[in-house]
Amino acid sequence: MNLKINHLQHIGIPITDIETSRDFYERLGFQMVMQSTFMHDGAQGKVSMMKHKEIIIELYQMPEPELTRVKQRKDGRIDHITFDVDDIDETFLLLKNEGFTIVEDKPVFLNFWENGCRYFNMLGPDGERLEFCQIL
């Protein structure tokens, strides 16, 4: 298999108050480089990408804070890690053909970044989510 991963793209962290979390990460030297919204079960959530040097953290607030709290694990809040790829369709087909457990039926478009992005998730052996994303 010739999987083409460029680098770790971002780490996703579910949070309960996006403004408070943005302020916290700004105090650590991160800058907001993208903010957007997303739909979840008919309601709007919020997302901010925070960058410091080459590190990007995705802060996302579900439409209902209770949904974020339910996801919180006793040992932390990291939700997923994301790998940057050049060709999301090629990556999707390669991993699907290799028999990996892919969550989505096809890559999903989000109106993030300047021209959007496309992504899909696969599950690791312990249920960890690995996201593959192409910024368009």
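Below is a table of values for the structure above.
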item: Residue count for segment 91-127, restricted to those that are among the acidic types (D, E) and in contact (Cβ under 8 Å) with a residue 24 or more places away in the chain; result: 1
item: Residue in segment 43-58 that is assigned to a helix (DSSP H, G or I) and open to solvent by 20 Å² or more (accessible area, probe 1.4 Å) present; result: no
item: Output for segment 92-135, where each listed residue is open to solvent by 50 Å² or more (accessible area, probe 1.4 Å), closer than 26 Å to M32 by Cβ and among the aromatic types (F, W, Y); result: F109, W113
item: Single unsatisfied condition, Q61 versus (1) under 13 Å from the mean Cα position of the chain (by Cα); (2) closer than 23 Å to D84 by Cβ; result: (2)
item: Which numbered condition I81 misses (of (1) surrounded by 15 or more Cβ atoms within 10 Å (Cβ to Cβ); (2) β-branched (V, I, T); (3) modelled with pLDDT under 90; (4) not in a strand (DSSP E or B)); result: (4)
item: Subset of segment 1-33 [modelled with pLDDT under 95 and of a type in the set (A, V, I, L, M, F, W, C)]; result: M1, L3, I5, L8, I11, I13, I15, I18, F24, L28, F30
item: Any hit, segment 65-74, residues being in a loop (DSSP other than H, G, I, E, B) and either at pLDDT below 90 or buried (at least 17 other Cβ atoms within 10 Å of the Cβ) (or both); result: yes
item: Segment 1-18, residues that are in contact with a strand residue (DSSP E or B) (Cβ under 7 Å, 6 or more places away or on another chain) and either in a strand (DSSP E or B) or more than 26 Å from Q61 (Cβ to Cβ) (or both); result: I5, N6, H7, L8, Q9, H10, I11, G12, I13, P14, I15
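The values are calculated or read from the model by the stated rules, or taken from the named source; none is laboratory data. Since the structure is predicted, the reported quantities are computational estimates derived from the model, not experimental observations. Neighbour counts are summed over all protein chains in view; Cβ atoms, including those assigned to glycine, are modelled from backbone coordinates with ideal geometry. For the accessible areas, the whole protein counts, side chains as well, though only heavy atoms, and no ligand, DNA or RNA atoms are used. Shrake-Rupley method; radii C 1.70, N 1.55, O 1.52, S 1.80 Å.
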